[in-house]
Amino acid sequence: MSKYGKIIFIGALFPMLSPAVLAQVSDESGELETLDVTVVQSAAEELKQAPGVSVITTEDIKRRPVTNDVAELIRTMPGVNLTGNSSTGQYGNKRQIDIRGMGPENTLILIDGKPVLSRNSVKMGRTGERDTRGDSNWVPAEAIESIEVIRGPAAARYGSGASGGVVNIITKKPDSASASVTLQTEIPDNSLEGENKRANVIVSGPLGESFSQRTILNYNKQDGDSTDLNREYTEEESNVAAGREGVENIDARTLVRFDQNAQNVWELEGAYSRQGNIYSGDNAFQGVDHETSNLYIGEETSVVRRKTLGLTHRGDFSFGDSFSYLQWEGTKNSRLSEGLAGGPEGSINTDTGEMNTIKLRNVTAKSEWNIPLKLAGLNQTMTLGAEYRGERQDDDSSNQAGLATADGVLIEGTEIDPEKRDPISTADLFGVYVEDNIVLTDDIMLTPGVRFDKHSKSGTNWSPSLNMSWQATGELNFQAGISRAFKAPNLYQLNPNYVYTTRGNGCPADYPNQGSGCSILGNPDLEHETSVNKELGMQYANSEGLNAGVTYFHNDYRNKIMTGNNAPEYILDGSRDGVLQVFRWANAPEAVIEGLEGNLLIPISDNIEWSTNATVMLESKNKATNQPLSIVPDYTINSLFSWQVTEEWELVFSAQHYGETESPTVDPRSGDIVENPKDRPSYTIFNANTVFQLNNGFDVTFSVKNLFDKSVKREGTTLSAGANTYNELGRSFLVAATYHF
C-alpha cells in the first residue's frame, strides 16, 4: 500500500477509535486539563459568525426562487459575482461563482463539507478559462437545507482553491418522515430566450430503529437561447455571440444514516448526475454563424457525468466532537472534438458527431476534531484536522496539439509526437491543520491557526491565519483577520504534454511570430498561487432585530498562474519558415484586490423587513499589466423587501443593481492594445415573488423576474465587445408548486 493509501486507511479508521481510549490519552498526558472546562465553540463555528460569512436559509431560497443553478441566488450575497476566470469573456454566459474578485478557480465548492472537483475535467485554455458551467448545480434547490458562503481569511483553513472563499451546499437530512414533489416552469417574455422546466421528488424517513434514509430525484431542462438573440446588438464587423446554452439535468442522490448511539452517527451516500448541454452556438471566438456551429444548434455537444460514493462519520464525545469522511468522485466529460490551437481554440471542429471523453477520478478524505480544553487558565477549543486529495486524469484528446518543430528537435519533458503522449496525469495533496479558539477575556476571542500542505508536484505550502473578535458592547462587535491562502497548480498547467499552439496571430505582442508561430506548454516547475487576505469588519445588532455591518478586505495575490508576455523558454528551428518560440505557463508577479462589503437589515414591523447588502470593488488588477483580473462590476447592491401578509402568504420584492463594469484595454492572450474598449453601463433588475403555503400541503410560488424587462445583451465574441460579454435573462414568469405529504 502506498504512503497516501495508508493515510486514507488510517483516516478512515480514526473515527472508530474508542472514546474511552482517546479520553485516557488526554488524561495520562498530564498537560491538558479536560475536566471542568467551559465549552467554547469551535474555530469553524466562531468564524462562521464573522462579517465575511453569509448563510442562505431554506426561507431565502423560497424568497428568491432559482431557475436551475443556485449560483443565481449565491450571487446576491456580499462579495459575490458571476464571471469567468479572465477578462476575455471567452465563454460569455458560462459564468461561475467568484468571491471577492479572486476568480472561480479560487472558489471552493463543497456539498455537505466535501469538495466538488468535477469542473477540473474540463480543459483549461490559454487564458485560464474552462468551457464549463462550474460545480454549483449538482443539487436541486428544493433539496438544500442551507448554503454557507465563507469569504476572506476564514476560508484559509479549507486548503487549496479557497483563496477567494468557500461555498458549502448543505443538503436536507433524514430527520423525520416526509416526502415532497415539486413541479416548476419558467417562461421568458422574449421568445428568443429558452424556457425552463423542473421536477423533483424528495423522500426521507426511518428504515428501522437506528437507520434512516433520504432520496432525491431531479429532472431539469433549460432550453438554449435562439442564435438571433444578440444579433441586433452586434457590430457589423464582429461575430454574433451566442446567448445562454441550454442544459438537461438528471440527478439521483441517496443517503442512508446509521445512528449507532448518541456518540456515533454514520452516513453512506451515493449520487449520480448527468448534465448534457443544448447547444446554442457558443464556440469561443467564432460566433453562432460559423459553418460547423450550425450543424449542432439545439443538439447535445457535451455531457458531464458525475458519480460519488462517500462514507461520513460524525462523533459527539465527552471530550469533543468530530467530522470525518472518505469520498470517491468520478467524472466523465464527453464532448465533440474541439480546436486546440489559435483562433479556433475551444470551437467544435468535427462534423461526424464523435465525442472524446476525459475521465477524472478524485479520492478525498478528511478528519477534523474539536476538543474543548483549559490551558494556561484560558478556556478554548482546539481544532485538529488532516485532509487528503488525490486526482487521476485520463485525457488523450486535449494533449494532441502538434509542435511546429523541425525534424529531430527535442524539448525536455515534452513528447513531440502527440500520439505518443501519456494520457494519464496525477497529483496528490496532503494537508494538516490546527486552530485554537481562545477566550482571552469575556469580550475578546482570539483564533490563531496554521495549515501545512504538501503537493506531489509543486511542493509544500504554509497557511498561517489569525482572527480576532471583540464584543465592544452588547450590540457592537469588531472582527479582524489575516491569513495566507493558496491554490495548487492544476493538472493541465503542470503537464508538459498539454500544448497550446498558434501559427502566428496569437503570439505575445512583445514576441511576435518569427515564422513557425508560438507554442505554450504546461510547466511541471510551477509554484502554488498564494494570497495574503486581510479583513476588518464591524457589526451592529440590537434586540429589536436591526443589523448593520461593514467589512474592508484587501488581498495581495502573488504567483498567479498565467500565460502572457514572459520570455520564451525555447527558440527552435521550426517546421515552417523561421523559428518556433516555445513558452511555459508561469507564475505572474503580483495582483491586488481591495474592496468593501456592507449589510443592513431593518425589521420595519413584526411582519415586514427590508435587507440590503452592497459590495464595492476599490481595486482589482494585475500589477504587471494594470488590467482587471476578470469582468466584474465596480459595485453591486442587492436589496430585498418581504411582507408576511398572512401566516400562509408572503410577498417579496427584490432588486439587484450592478455598477459600471470596466473593459480590459489589453488583450490578455497576446498583450495587444484593445481598440475602442467598451465598458458595460450600470443596470438594475427588479423582481417580484409571492409564496402561498396552503393548508392542504401545497406550496405555490409565482415570480416575475426582471420585472421591467431590462435588456442586457452580449455584444460580440471577442474583446471588441469590451465588458459586454454576457446576457441577463429578460422578463420571465416562474410558477412552482410543491406538495408535501
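The values are calculated or read from the model by the stated rules, or taken from the named source; none is laboratory data. Just so you know, these numbers come straight off a predicted model, no measurement behind them. Neighbour counts are summed over all protein chains in view; Cβ atoms, including those assigned to glycine, are modelled from backbone coordinates with ideal geometry.
Where residues in the stretch 602-629 are assigned to a strand (DSSP E or B) and among the polar types (S, T, N, Q), which of them is farthest from S86 (Cα to Cα)?
Residues of the stretch 602-629 assigned to a strand (DSSP E or B): 602-605, 608-622, 627-628.
Next, only the ones that are among the polar types (S, T, N, Q) stay: 605, 611-613, 615, 620, 622, 627.
On the way: S605: 45, S611: 32, T612: 29, N613: 26, T615: 20, S620: 12, N622: 11, Q627: 10 Å.
The residue in question is S605.
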Check your understanding: Within the stretch 299-320, which residues are more than 16 Å from D112 (Cβ to Cβ), touching a Lys or Arg at 6+ places or on another chain (Cβ under 8 Å) and not aliphatic (A, V, I, L, M)?
Key -> T301, S302, R305
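Of all residues in the stretch 435-451 being out of contact with any helix residue (DSSP H, G or I) (no Cβ under 8 Å at 6 or more places or on another chain) and surrounded by 15 or more Cβ atoms within 10 Å (Cβ to Cβ), which is farthest from E529 (Cα to Cα)? Give the derivation first.
To start, the set of residues in the stretch 435-451 that are out of contact with any helix residue (DSSP H, G or I) (no Cβ under 8 Å at 6 or more places or on another chain) comprises 438-444, 446, 448, 450.
In the following step, the residues that additionally are surrounded by 15 or more Cβ atoms within 10 Å (Cβ to Cβ) were identified as 438-439, 446, 448, 450.
Numbers: I438: 30, V439: 33, L446: 27, P448: 22, V450: 17 Å.
The residue in question is V439.
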Exercise for review: State yes or no: is A567 surrounded by fewer than 16 Cβ atoms within 10 Å (Cβ to Cβ) and within 17 Å of Y511 (Cβ to Cβ)?
Suggested key: yes
**Study point:** Filtered residue count, the stretch 90-115, keeping only those that are touching a strand residue (DSSP E or B) at 6+ places or on another chain (Cβ under 6 Å), of a type outside the set (K, R), closer than 23 Å to G716 by Cα and touching a residue at least 60 places away in the same chain (Cβ under 8 Å)
**Key:** 2
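Taking the stretch 205-258 as the search range and keeping residues that are in a strand (DSSP E or B) and β-branched (V, I, T), which one is surrounded by the most Cβ atoms within 10 Å (Cβ to Cβ)?
Within the stretch 205-258, the first condition is being in a strand (DSSP E or B), and the residues that meet it are 205-206, 211-222, 246-258.
Next cut, β-branched (V, I, T) only: 215-216, 247, 250, 254, 256.
On the way: T215: 17, I216: 21, V247: 23, I250: 15, T254: 15, V256: 16.
For the stretch 205-258, the residue satisfying everything is V247.
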Review point. Looking at (1) among the hydrophobic types (A, V, I, L, M, F, W, C); (2) in a strand (DSSP E or B); (3) more than 18 Å from T76 (Cβ to Cβ), which is the one condition that is false for F686?
Key: (3)
Check your understanding: What number of residues within the stretch 384-401 are over 23 Å from the mean Cα position of the chain (by Cα), over 19 Å from S334 (Cβ atoms) and surrounded by 18 or more Cβ atoms within 10 Å (Cβ to Cβ)?
Key -> 1
Study note, to complete from the structure: The condition of being touching a residue at least 12 places away in the same chain (Cβ under 8 Å), in contact with a His (Cβ under 8 Å, 6 or more places away or on another chain) and of a type outside the set (V, I, T) holds, among S732, S682, only for S682
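Could you tell me which residue of the stretch 591-600 is farthest from N626 (Cα to Cα), considering only residues that are hydrophobic (A, V, I, L, M, F, W, C) and either modelled with pLDDT of 95 or more or in contact with a helix residue (DSSP H, G or I) (Cβ under 9 Å, 6 or more places away or on another chain) (or both)?
Applying the first criterion (hydrophobic (A, V, I, L, M, F, W, C)) to the stretch 591-600 yields 591-593, 596, 600.
Going one step further and asking which of them are either modelled with pLDDT of 95 or more or in contact with a helix residue (DSSP H, G or I) (Cβ under 9 Å, 6 or more places away or on another chain) (or both), we end up with 596, 600.
Working: L596: 21, L600: 33 Å.
In this case the residue turns out to be L600.
Would you call D289 part of a loop (DSSP other than H, G, I, E, B), over 25 Å from the mean Cα position of the chain (by Cα) and either surrounded by 21 or more Cβ atoms within 10 Å (Cβ to Cβ) or on the phi < 0 side of the Ramachandran plot (or both)? Working first, answer last.
Numbers: part of a loop (DSSP other than H, G, I, E, B): yes; over 25 Å from the mean Cα position of the chain (by Cα): yes; either surrounded by 21 or more Cβ atoms within 10 Å (Cβ to Cβ) or on the phi < 0 side of the Ramachandran plot (or both): yes.
Criteria met by D289.
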Practice item. Would you confirm whether any residue within the stretch 452-463 is in contact with an Asp or Glu (Cβ under 7 Å, 6 or more places away or on another chain) and under 25 Å from Q539 (Cβ atoms)? Key: no
Check your understanding: From the list G134, G152, which one is in contact (Cβ under 8 Å) with a residue 24 or more places away in the chain and in contact with a helix residue (DSSP H, G or I) (Cβ under 6 Å, 6 or more places away or on another chain)?
Key -> G134
Point to revise | Residues within the stretch 430-465 that are in contact with a Ser or Thr (Cβ under 6 Å, 6 or more places away or on another chain) and in contact (Cβ under 8 Å) with a residue 60 or more places away in the chain, tallied | key: 6
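Conditions tested, residue by residue: (1) surrounded by fewer than 22 Cβ atoms within 10 Å (Cβ to Cβ); (2) among the hydroxyl-bearing types (S, T, Y); (3) over 27 Å from A156 (Cα atoms).
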site	(1), (2), (3)
N505	yes, no, yes
N513	yes, no, yes
E527	yes, no, no
T530	yes, yes, no
N533	no, no, no
Y540	yes, yes, no
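Within the stretch 253-291, can you find the residues that are of a type in the set (S, T, N, Q) and modelled with pLDDT under 90?
At the first step, the residues of the stretch 253-291 found to be of a type in the set (S, T, N, Q) are 254, 260-261, 263-264, 273, 275, 277, 280, 283, 286.
Answer for the stretch 253-291, where residues must be of a type in the set (S, T, N, Q) and modelled with pLDDT under 90: N283, Q286.
Name the strands (runs of 3 or more DSSP E) wholly within the stretch 407-510 that hold at least 2 residues that are among the hydroxyl-bearing types (S, T, Y) and farther than 30 Å from R361 by Cβ? Walk me through how you get there before you give the answer.
On the way: elements: 424-439, 444-455, 459-471, 476-487, 499-502.
Qualifying strands (runs of 3 or more DSSP E): 459-471.
Touching a strand residue (DSSP E or B) at 6+ places or on another chain (Cβ under 8 Å), crowded, with 24+ Cβ neighbours inside 10 Å, of a type in the set (S, T, N, Q) and more than 27 Å from V616 (Cα to Cα): which single residue out of S118, S87, S136 fits that description?
S118
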Check your understanding: Only one of (1) touching an Asp or Glu at 6+ places or on another chain (Cβ under 8 Å); (2) over 17 Å from T107 (Cβ atoms); (3) buried (at least 24 other Cβ atoms within 10 Å of the Cβ) is not met by A141, so which one is it?
Key -> (1)
Practice item. Looking at (1) on the phi < 0 side of the Ramachandran plot; (2) free of Cβ contacts under 8 Å to residues at least 60 places away in the same chain; (3) buried (at least 17 other Cβ atoms within 10 Å of the Cβ), find the lone condition where N264 falls short. Key: (2)
Review point. Taking the stretch 707-741 as the region of interest, how many residues are of a type in the set (S, T, N, Q) and either surrounded by fewer than 16 Cβ atoms within 10 Å (Cβ to Cβ) or in contact with a Leu (Cβ under 6 Å, 6 or more places away or on another chain) (or both)?
Key: 1
